[in-house]
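To start, the structure itself, in structure tokens.
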Amino acid sequence: MSLTEQRSSAVSAALAKDRLGVPSVVFFVISAAAPLMVVAGSVPTAYAVTGVIGVPFAFLLLGAVFALFAVGYVTMARHVVNAGAFYAYAAQGLGRTQGVATAWVALLAYNALQLGLYGIIGSAAEPLLRDWFGGSPAWWVIALAAWALTGLLGLLRVDVNGKILSVLLVSEIAVVLVFDIGDLFNAAPGGIDFSGFTPGSLFVPGVGAALATVVAGFAGIESSVVFAEESKDRDRTVPVATYLGITIIAVLYAVSAWALTVPTGPDGIVKAAAQQGPTLVFNQAATHLGSTVSTIGSVLFVTSSIACMIAFHNTTARYIFALGRENVLPSVFGRTSVRTAAPMAGSILQTVLGLIVITVYAVSGLDPVTKLFFTFGAFGGLGLLTLLTITSISVIVFFSRNPSGETAWRTRIAPALAILALCVIIGMTLINFDTVLNVAPDSAIRWILPGIFVVAIAFGLVWGRVLRATRPEVYANIGLGAQAIGGGSK
């Protein structure tokens with residue numbers, strides 16, 4: 001093999017190093033959480049569907065739970081560096097077979113979260129196009145335009161994506177804060193009420209549905225570790241970006257959810273949200289700040305959707321890359337572009353899946369918002385909670401087997417508390433899953449969707465055992481990340 005071929009081979013089997021600093025990783029983390037999409041979409045939905053006014057407190061509570069989870073998560077990141085974070089942590093903590101099972105859950109969850117976004121982009125863009133041009137193409141035409149842009153950017157250098165996300169995200173957060181200020185200066189006759197921040201406003205009938213509805217707003221906080229291989233000074237970048245992302249998301253969402261209630265009063269927010277849905281935020285902005293500001297917000301709602309697609313596309317492609325690199329998936333997925341170091345095959349697979357989903361929903365005539373965006377989002381959110389729980393268990397087991405000098409708080413206490421909190425939230429989510437999906441209590445889909453994860457775990461366990469029996473050299477590399485390239489074993 002020539003020197004050039006050796007260089008190409010080495011580069012194409014690894015992600016780019018030292019391209020992402022703390023700001024870039026934070027942009028990926030928060031962009032995946034899609035602030036304006038959550039404030040305009042998830043928050044009114046949570047009020048309307050559950051009737052619970054403690055949504056602001058729900059965001060703070062979940063922020064605390066995710067921060068608790070992050071203690072063990074970022075500690076593990078110092079000892080296990082792998083773009084397939086959840087999968088790698090489970091493999092090195094619970095065992096290689098369990099790691100493969102976790103990988104299938106991760107692939108399902110992240111694909112669902114990413115693909116579901118194609119269902120909201122049309123709803124976000126159609127009002128603007130009608131105002132500007134007097135008409136709008138079908139939702140799937142708009143979705144295909146976003147699909148093409150996302151697919152193209154997924155093939156570029158990761159730092160290019162980070163710069164694009166930074167511009168979109170700063171603008172997005174700025175307009176959310178402007179909307180919040182407009183609401184606060186236009187309080188209902190009863191004045192500003194802070195009851196939405198009290199535990200009593202959340203822990204009422206419907207609390208499970210409220211938590212399940214808003215938990216997807218935190219999707220993406222774990223992606224800091226996914227980009228660890230491409231980060232500068234990862235021992236500092238990963239924890240700082242993770243905690244900073246969680247704090248910004250929790251506080252921003254809590255304040256924005258509360259500000260939305262100020263013009264209507266706590267007693268009027270549920271009715272207003274039910275009647276106006278995602279347009280509530282923009283209608284209030286138009287009333288308080290003028291149509292121009294509202295239009296800017298609507299434009300950023302569209303870019304928020306696209307930024308979220310870009311972030312999840314990059315994250316999911318890296319999970320696929322991590323599995324391909326270790327031959328858990330076909331090895332073609334473990335190659336990266338020599339020119340951009342982007343995970344090419346994983347990115348292209350994401351693009352193909354997006355086209356299939358858009359086509360199926362367009363041909364079948366299914367509603368893209370309720371049947372694609374919300375259903376896929378709820379499914380992906382449940383998968384995310386499952387992954388967080390498995391990862392916390394893995395952290396405890398890993399450090400019990402590998403003494404490292406880390407404190408008990410980081411390796412046992414915080415992860416154990418996170419497991420307890422996450423299990424409670426998962427239980428509440430399953431109990432109220434019919435409400436989250438907006439289906440009848442006896443609807444089969446409320447059990448079919450969680451059942452898919454059970455099947456995926458079972459399939460993963462079987463596949464892991466098959467690899468151990470038939471391809472022991474592949475099995476030995478599971479969870480090793482970049483070390484797997486050289487065929488090292490654990």
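The values are calculated or read from the model by the stated rules, or taken from the named source; none is laboratory data. Source: prediction; values computed, not measured. We place every Cβ from the backbone using ideal geometry, glycine too, and count neighbours over all the protein chains shown. Side chains are part of the model used for accessible areas, which takes the heavy atoms of the whole protein and leaves out ligands, DNA and RNA. Shrake-Rupley method; radii C 1.70, N 1.55, O 1.52, S 1.80 Å.
Phi angles of the stretch 438-454 translate, via the Karplus equation with coefficients 6.51, -1.76, 1.60 and θ = phi - 60°, into HN-Hα couplings of 6, 10, 5, x, 9, 5, 5, 5, 5, 9, 5, 4, x, x, 4, 5, 4 Hz per residue; Gly and Pro are given as x.
For the residues ASP183, ASP193, ASP131, a 1.4 Å probe over the protein chains yields an accessible-area ranking, largest first, of ASP131, ASP193, ASP183.
About its Cα centre, the dipole of the stretch 98-209 is roughly 380 debye, where the only charges are +1 on Lys and Arg Cβ and -1 on Asp and Glu Cβ. For the chain, the longest principal axis of the Cα atoms and the long axis of helix 55-77 meet at an angle of about 10 degrees. ARG401 exposes around 150 Å² of accessible area when a 1.4 Å probe is run over every protein chain in place. Helix 291-325 and the longest principal axis of the Cα set of the chain meet at an angle near 20°. Loop-located chymotrypsin sites (Phe, Trp or Tyr not before Pro) in the stretch 168-209 (DSSP state not H, G, I, E or B) with no more than 12 neighbouring Cβ atoms inside 10 Å: PHE185, PHE194.
Report, in degrees rounded to the nearest 10, the 0 to 90 angle that the Cα long axis of helix 96-116 makes with the longest principal axis of the chain. Roughly 30 degrees, rounded to the nearest 10. For the chain, the Kirkwood radius over C-alpha pairs fed into Stokes-Einstein at 10 °C and 1.306 mPa s yields D = 70 µm² per second.
Amide H contacts for ARG78 (H built 1.01 Å from N in the peptide plane; partners 5 or more residues away or on another chain; cut-off under 5 Å): none found.
Using just its DSSP H runs of length 4 or more, each adding -39500 (n - 2.57), the chain gives a mean residue ellipticity at 222 nm of -22500 deg cm²/dmol after division by all residues. Volume per residue of the convex hull around the Cα atoms, evaluated for the stretch 313-397, comes out as 118 Å³.
Ranked by the mean number of other Cβ atoms within 10 Å per residue, highest first, peptides 116-122, 387-393 order as 116-122, 387-393.
Summary of the geometry: the stretch 131-151 and the stretch 338-394, compared by the centres of their Cα atoms, lie 19 Å apart.
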